[in-house]
1. Per 10 Å bin, what percent of the C-alpha pairs of segment B:86-206 does each bin hold, from zero upward?
2. Which whole-angstrom value gives the distance between the alpha carbon centres of segment A:173-193 and segment A:22-60?
3. Using a probe radius of 1.4 Å on protein heavy atoms only, what is the accessible area buried between chains A and B, both sides summed, to the nearest 100 Å²?
4. Checking the a/c ratio against 1.5 first, then a/b against b/c, what shape does the Cα gyration tensor give for chain B?
5. Using bins 10 angstrom wide from zero, how does P(r) for segment B:1-159 break down, in % of all Cα pairs?
6. Given the pairs A:Lys30/B:Lys148; B:Lys47/B:Lys148; A:Lys30/A:Lys260, which are separated by over 21 angstrom at their Cα positions?
7. For A:Ala51 paired with B:Asp174, estimate the spin-label separation in nm (one decimal), with each label point 7 Å from Cα along the Cα-to-Cβ line.
8. Would you kindly work out the equivalent ellipsoid of the protein assembly as shown from its C-alpha gyration tensor and give its semi-axes, the square roots of five times the eigenvalues, largest first in whole Å?
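The values are calculated or read from the model by the stated rules, or taken from the named source; none is laboratory data. Just so we're clear, the structure is a prediction, and the values are computed from it rather than from any experiment. No Cβ is skipped: glycine too gets one built from the backbone with ideal geometry, and neighbour counts run over all protein chains shown. Please note that ligands, DNA and RNA were not included when accessible areas were found on the heavy atoms of the full protein model with its side chains. Shrake-Rupley method; radii C 1.70, N 1.55, O 1.52, S 1.80 Å.
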Amino acid sequence: MARAASLRNASLGRFWPGDSVVHTLDPRVKLCSLGLWTVAIVLASRWWVTAALFLLIAAAYRAARLPRGAAGAVLRPVLPVLAVLAVSQLLFGYQDPAMPGADIGVLEVGAADVSLGRVIGAAIAIVRLLSLVMLVGLLTATTSASALASGMERLLLPLNRIGLPGHELALTGAIALRFLPILGEELEAVQRAQLARDITGGPERPWQLARNARRTAALVVPLFADALQRVDEISTALLARCYQGGRGRTYMRELRLNAKDLISLAISVGLLVIVVVL
Amino acid sequence: MDAFISVRDLHYRYGNAGESIEALRGVSLNIVRGEYLAIVGPNGSGKSTLAKCLSGLLSPSSGDVRVNGASTRDAAALVGIRATVGMVLQNPDNQFVTSSVEDEVAFGPENLGVPPAEIRRRVASAIERVGMCGQELRDPHLLSSGEKARLAVAAMLAMEPQCLVLDEATATLDPRSRGSLLALLTQLYSAGMTIITVTHHMTEVTRAKRVVVMERGQIALTGAPAEVFARDDALKGYGLALPPAAAVERGLARRGLELGRDVVTAEELVRRVVALWEGEG
């Protein structure tokens, strides 16, 4: 049930309306900045650069004036992934001889010798992943699905020249994000129905792989059936609202880059340049 | 009077040639501008299929549906037909594709290529008409069922249709939300809009000026609500119930108190009982 609840309350994809400076940035600028920051995070080789980028993202959350706990809610679903990453980095991660503390042993687990350098390396990997998740969370929390779709569409416009449907791709992404919580609700309903009929197969035992696969299939199959039914209804609803792809479409909000957008984009480009130079 | 929507010998078949179900079997119907029509019938009788054919969402397997003279078989006319005959589906959650009320209402006019200033005017007007002012930035997914239903109507109103088709739009609503949506429909009807509602609720049917009863893909009965509900036995055969006021009238009639078989609403029932009471007094 916890899995369903986490999907239902999925904050990665939830839009929090507001009028902060981050909210009012042009969606194209936010999407480009997401790309630039992602490259910067991945390329950052020094621990303090990674930490600085993380702090900058945290500052952006503060500037976005999101509700208390919004960042925590974004991170909660990825905590298990972070835990697995931390353990694997500690035990099997690459040990950089140049890393401070590489020669200081802190723990011995079987054949694995965990040095202080490896602990720092694991911490950097975790902070890097945290930063990426928080970046995406910040984008979706401060940008409505429609704004995202229109921003994405304008950025994908060049694809139309080679026959790819820019608007359809953008709308598909926006709808997928919007339906995450609804699919979470459906998953929870399926789990409740199975609990009521006592067909959950008893408590979870991670080591029983075949049994767990059967349990997952029992949840996933009705979920897929529901999702396909929804797809049918959504396509009917799109037709009812005269959706014809990007052809002849206008927008309630016209996108115009202003000084704030250009400054923001310049900061993102500058940041990437600094990271590359360092 | 010229038909706003005309349906001639409409057949609709789901599936392929090998394995198919004929949902509509020779339906013919004329709907005039400004009419309030209710379509009722048991599950699988073809009500929703007919509603989708009327709004150009399904193309006939054979026969013809014309809206303002334009055929739904003509692909070039379909966008215009869908904008003229707005369709509200049963589950609003599966109609919403954006993340705020105002974006949702703007989606239709944006698809129609309406200029931005006009979209903003239409959005404000539609939101006001359904009584959702102040909720423009809310996430549609987080609205109550009643609000979602009203938003679905607002999303259609912003396209400025001449006709609204509602496919069991009140099915999942509580009595208060249903009452609020029905009041909105009455208001739109009074303003001259054609309303076509597909429903299982017989009390809703009494608001319509004409009722079409569907049975196995064909029109079984049609007429004013009082005429249709006077055919108790036929309705029973189609698995349909009488509205509560008509059922009470039949119960009283069986005990010798005749109020008239044309009683279909609670207000009319009360009026007749009071008139009888005062007449005897």
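1. P(r) over segment B:86-206, rounded to whole percents: 14, 49, 32, 5, 0.
2. Cα centroid to Cα centroid, the span is 29 Å.
3. Numbers: alone 16820 and 13440 Å², together 27070 Å².
Counting protein atoms only, the buried area is about 3200 Å².
4. Values: a/c = 2.07, a/b = 1.32, b/c = 1.57.
Oblate shape, in that a/c is at least 1.5 and b/c is the bigger or equal ratio.
5. That works out to 10, 33, 32, 21, 4, 0, in percent per bin.
6. Working: A:Lys30/B:Lys148 30 Å; B:Lys47/B:Lys148 23 Å; A:Lys30/A:Lys260 12 Å.
Among A:Lys30/B:Lys148; B:Lys47/B:Lys148; A:Lys30/A:Lys260, the Cα-Cα distance tops 21 Å for A:Lys30/B:Lys148; B:Lys47/B:Lys148.
7. Taking the two extended label points, one gets 5.3 nm.
8. Values: eigenvalues 621, 159, 96 Å².
Rounded to whole Å, the semi-axes are 56, 28, 22.
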